[in-house]
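Taking it in order: structure first as structure tokens, then the write-up.
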Amino acid sequence: MQKLDESLLTHLPPFAKLHRSQIRAILDQASSKRFDPELTVFSEGETAERFYMLLDGYIRVIRITPDGEQVIALHIPAGQLFGIAPAIGRESYPATAVTAAESIILSWPTRLWTDFSTNYDGFATETYKTLGSRIGEMNNRILEMATQHVEQRVANALLRLINQTGRKTENGVEIDFPITRQNISEMTGTTLHTVSRLLSAWQKQGIVESQRKRVMVRQPHQLVELAQGPLSS
DNA sequence: ACATTAATTATGT
DNA sequence: ACATAATTAATGT
């Protein structure tokens with residue numbers, strides 16, 4: 001196993017307050033692995049042997065319904081911890097983590113979790129921050145599902161994607177990992193057909209631009225408008 | 001207002 | 001050439 005450079009972690013929130021020696025110790029206990037796209041890192045219900053830091057790439061957090069249907073709960077961008085079951089007092093993973101793009105992932109044995117959170121300044125508070133914002137996001141999605149129409153939900157999903165994982169180009173903001181109509185439908189509780197129709201319509205209006213597995217938003221403001229939906233009553 | 005079904009076409013290896 | 005992705009129309013709830 002070759003040595004990992006300390007600069008990999010120094011700027012990431014959970015480790016930002018630590019000294020080089022501490023980072024060194026953390027890295028020396030980590031294992032590093034590269035994942036191709038669409039590979040499962042861990043599965044729902046598995047015993048949480050390890051916790052993870054995404055160094056590069058994107059993670060999709062998914063759950064499977066009893067009848068085998070996929071639901072995408074969340075996307076995680078590089079620089080965040082995931083699979084942190086110990087932080088919420090669980091010994092099995094509550095969901096499945098799949099790479100959405102080629103990714104580089106560090107991981108540690110779960111038994112180190114208490115070490116990390118007691119000995120390393122800022123680690124605990126920062127992880128609870130990200131945990132908090134993920135819960136907040138999922139709460140918003142629950143509200144959307146219950147109250148909004150599909151068009152608004154798809155608009156909101158795209159907005160979240162470009163905010164969290166957007167890459168700016170000349171013409172707009174592009175989601176910087178491959179994403180299909182099917183994927184978007186799994187995020188919004190609709191069908192790939194409806195998503196396809198919506199994207200086609202929005203493309204004609206110049207709001208988005210999409211090819212196979214690629215979606216770019218040209219006019220975020222227009223999407224925000226659509227996300228508001230028709231004014232109540 | 002949306003899903004489902006089915007047929008057709010486009011796109012990437 | 002083959003598999004996967006996307007579009008489109010028709011029909012159903």
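Below 23 Å Cα-Cα, how many Lys pairs turn up in chain A? Only count pairs eight or more apart in sequence, or on different chains, if you could. Don't skip to the end; give the middle numbers.
Details: A:K3/A:K17; A:K3/A:K33; A:K17/A:K129; A:K168/A:K204; A:K168/A:K213; A:K204/A:K213.
So the count of such lysine pairs works out to 6.
Rounded if a/c is under 1.5, else prolate if a/b is larger than b/c, else oblate: which is segment A:148-228, with a ≥ b ≥ c the root eigenvalues of its Cα gyration tensor? Write down the numbers at each step before the final one.
Working: a/c = 1.39, a/b = 1.21, b/c = 1.15.
The shape class here is rounded.
Taking every protein chain into account, the accessible area of chain A amounts to 53 square angstrom per residue (probe 1.4 Å).
Shape class for segment A:7-143, computed from the alpha carbon gyration tensor (a ≥ b ≥ c): prolate, with a/c not under 1.5 and a/b above b/c.
Separation of segment A:67-120 and segment A:23-52 by C-alpha centroid, Å? A separation of 8 Å, based on Cα centres. Candidates A:I23, A:A155, A:T188 compared by Cα position along the dipole of chain A: farthest toward the positive end lies A:A155, with charges placed on Cβ.
Normalised by the residues of segment A:148-228, what does the relative contact order come to in percent, with Cα pairs under 8 Å and at least six apart?
Once normalised by length, the contact order is 36 percent.
With 5 Å bins from zero, work out the P(r) of chain A over every alpha carbon pair and list the percent per bin. Result, from short to long distances: 1, 6, 13, 17, 18, 15, 12, 9, 6, 3, 1, 0, 0 percent. In the assembled protein chains, A:H19 presents an accessible area of approximately 130 Å² (probe radius 1.4 Å). Share of carbon and sulfur in the accessible area of segment A:85-126 stands at 49%, probe radius 1.4 Å. Against the criterion of solvent-accessible heavy-atom surface with a 1.4 angstrom probe, A:D176, A:D67, A:D5 sort, most first, into A:D67, A:D5, A:D176. Using a probe of 1.4 Å on the protein chains alone, the accessible area found for A:H149 is around 120 Å².
Could you give the length gained by full extension between A:Q205 and A:M138, i.e. 0.36 nm per residue of separation minus their alpha carbon distance, to one decimal place?
Numbers: separation 67, 0.36 × 67 = 24.12 nm, distance 2.98 nm.
Taking A:Q205 through A:M138 to full extension adds about 21.1 nm, to one decimal.
For chain A, the relative contact order is 18 percent, taking Cα pairs closer than 8 Å that sit 6 or more residues apart in sequence and dividing their mean separation by the residue count.
The values are calculated or read from the model by the stated rules, or taken from the named source; none is laboratory data. In this text, all values refer to a predicted model and were calculated from it rather than measured experimentally. Neighbour counts are summed over all protein chains in view; Cβ atoms, including those assigned to glycine, are modelled from backbone coordinates with ideal geometry. Side chains included, ligands, DNA and RNA excluded: accessible areas come from the protein's heavy atoms. Shrake-Rupley method; radii C 1.70, N 1.55, O 1.52, S 1.80 Å.
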